[in-house]
Amino acid sequence: MNRISKFAASLALGAFVAVPAAYAAKDEKKKEAAAKPVKRSFSKEFSKAYAPAVDALTKKKDLAAAAAAFPAVEAAIMNADDRYEAGIFALNLGGQLKDQTLQRKGVNLIVDSNSAPAEMKPAYVFQQGVFAYGDKDYPAATAKMMEAYDMGYRGSNVEVQLSNSYRLQGNYGEAINWLKKGIDATKAAGGKPETQWYAQAANYAARMKDNAQIVYWGKEMMKADPRPETYHDAIFQYQRIADLDNLESLSLLRLARRNKALMFEHEYKQYVEYADGRRYPGEVVSVLDEGFAKGTISKNNLTFSEIYSSAQKLVPELSGSWDADEKAALAAPKGYLAMLTGDALLSFGQNERAKKMYEAALAKGGIVDRDGVDQTDRALTNLAIAKVNLGDLAGARADFAKITGAKRKGIADYWNIYIDQQLAKPAA
């Protein structure tokens, strides 16, 4: 190789791939440095035009003169090696000048030359996709990024960039598909996916009105980002989709309350409706007290004030009969009365006593309501909740695992995510 080709080899080793900062791959330069120089054959015409451009860039450090010399370099291209060399020069010069048009020209010359080192060509093709993305030519961006991916390119969170390209074309199904690939790839590499990726996937699922995807990504959001806001969105989306009855919804809202995920007035209205101040007055009073203290609801609201007042009046009456209720439930031949007693105790925060009632109900069996509906899953759900309240997380998980009905199993899934997060915390 002559002097020019040695210089060009050093430029090739120093070439970079410009990607959006949020997706910049840390190992890109390492890959470039690992690329071995290739002996190339340049035409006489190209060498003659290239020498002054190289001289301006390396000796004189005159970027303007190097840029002025480049059109002659490009016009003198006679073969593939010339084209590749001109591309490397343009890419580097464009980077120093922060001239994206020149950078783009360089990348296109490199790819068109078909002479880039095999290990680097996917990165250059991907960069073509990035430029197309910047032009808002999303079909072209998708095609180039996919081409790079198929060639083995895995840098710059390519999966997430493909997801963005599909999203901007309105193809939310593929946007979700590629986000999931990005999440899985990041985990496989030992990294932590960005929490916003889960929220984006959930948003795309909502746009598609795909309930299965909405539920899936709601749970994934809870796992990845267990903030009250995330619990709120996942729980209330599931409640809407699953068509739960009042007591099933109450089991879910108890999890929302536990995670400070009751955030709006209408959600407090739902809670007190499902709990029913005539049935569980202690729970209605306590949840309204929380809402008043947060300022989410007001005592000046006639509906809340009336419900609160009525429930308060019933608290002494219902809490004063626990001993007799427990005795009668344990004497009953079947378990339904014991479950009802457990439900009342649970609503008052009497978790240990409620636990014993549920265990008695399950031991007796025959937990069938007056309509002939088996309520075993309800007893298991509320026993598990009582155990969570008592700190017996492993026991709660075991009880949730015994549930067989689809709706209550769905509710159990959300509680189990919470349980897993508590179990994962370091011991105090």
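Contact order normalised by length for the chain, with contacts defined as Cα pairs under 8 Å and 6 or more residues apart; what percent is it?
7 percent
With the Cα gyration tensor of segment 131-234 giving a ≥ b ≥ c as the square roots of its eigenvalues, does the rule (a/c under 1.5 for rounded; else a/b larger than b/c for prolate; else oblate) give rounded, prolate or oblate?
Verdict is oblate for segment 131-234.
Relative to the first principal axis of the alpha-carbon coordinates of the chain, what is the inclination of helix 281-294, with its axis defined by its Cα atoms, in degrees from 0 to 90 and to the nearest 10?
Tilt relative to the chain: about 40 degrees.
Report the full-extension gain for the segment T195 to R278: residue separation times 0.36 nm, less the Cα-Cα distance, to one decimal in nm.
25.7 nm
For segment 26-170, what relative contact order do you get, as a whole percent, if you take Cα pairs closer than 8 Å and at least 6 residues apart?
With pairs under 8 Å counted, the relative contact order is 17 percent.
Over segment 185-290, consider all pairs of different Cα atoms and compute the Kirkwood hydrodynamic radius from their mean reciprocal separation; express it in Å, one decimal.
Here the Kirkwood hydrodynamic radius works out to 14.9 Å.
With a ≥ b ≥ c the root eigenvalues of the C-alpha gyration tensor of segment 342-428, is it rounded (a/c under 1.5), prolate (a/b larger than b/c) or oblate?
Oblate.
Return one number: the angle in degrees, 0 to 90 and rounded to the nearest 10, between the long axis of the Cα atoms of helix 195-208 and the longest principal axis of the Cα atoms of the chain.
That works out to roughly 80 degrees.
Probe 1.4 Å, all protein chains in place: accessible area of T186 in Å², nearest 10?
Ignoring ligands and nucleic acids, T186 comes out at about 30 Å².
Assuming 0.36 nm per residue, please report the length gained on full extension of the stretch K48 to R207 beyond their Cα-Cα distance. Display every interim value, and only then the final one.
On the way: separation 159, 0.36 × 159 = 57.24 nm, distance 5.84 nm.
Extra length from K48 to R207 when fully extended: 51.4 nm.
Given all pairs of different Cα atoms, what value in angstroms does the Kirkwood hydrodynamic radius of segment 382-424 take?
Averaging 1/r across every pair of different Cα atoms and inverting gives 10.1 Å.
Output the 0 to 90 degree angle, nearest 10, between the alpha-carbon long axis of helix 100-113 and the longest principal axis computed from the alpha carbons of the chain.
That helix lies at roughly 80 degrees to the long axis.
Hey, in the GNM for the chain with a 10 angstrom Cα cutoff, which one of G366, G218, G87 fluctuates hardest?
With Cα springs under 10 Å in the chain, the top fluctuation among G366, G218, G87 is at G366.
Please compute the volume of the convex hull spanned by the alpha-carbon atoms of the chain and report it per residue in Å³.
188 Å³
Would you list the P(r) distribution for segment 79-125, with all Cα-Cα distances sorted into 10 Å bins from 0 and each bin expressed as a whole %?
34, 54, 12
What share of all Cα pairs of segment 302-396, in percent, falls into each consecutive 10 Å distance bin?
In order of increasing distance, the bins hold 17, 42, 30, 10, 0 percent.
Strictly over 22 Å apart at the Cα level, which of K144/K192; K192/K219; K121/K180; K98/K136; K59/K98 would you flag in this model?
Pairs exceeding 22 Å: K144/K192; K121/K180.
What is the local net charge at A412, summed over the other residues whose Cβ is closer than 14 Å to its Cβ (Lys, Arg +1; Asp, Glu -1)?
After counting each charged neighbour, the total is +4.
Determine the sum of side-chain charges near A86: Lys and Arg each +1, Asp and Glu each -1, restricted to other residues whose C-beta is under 11 angstrom from that of A86.
-3
Could you list, in their original order, any pairs among K299/K355; K260/K402; K187/K409; K387/K409; K260/K327 whose Cα atoms are separated by more than 25 Å?
K299/K355; K260/K402; K187/K409; K260/K327
GNM, the chain, Cα, under 10 Å: largest mean-square fluctuation among N211, N382, N301?
Of the options given, N301 has the highest mean-square fluctuation.
What shape does segment 191-235 take by its C-alpha gyration tensor, where a ≥ b ≥ c are the square roots of the eigenvalues and a/c under 1.5 counts as rounded, a/b above b/c as prolate, and the rest as oblate?
Here segment 191-235 falls in the oblate category.
The values are calculated or read from the model by the stated rules, or taken from the named source; none is laboratory data. This structure is a prediction, so every number in the text was calculated from the model and none was measured. Please note: Cβ atoms are built from the backbone with ideal geometry, for glycine as well, and neighbour counts cover all protein chains shown. Heavy atoms of the whole protein, side chains included, go into the accessibility calculation; ligands, DNA and RNA do not. Shrake-Rupley method; radii C 1.70, N 1.55, O 1.52, S 1.80 Å.
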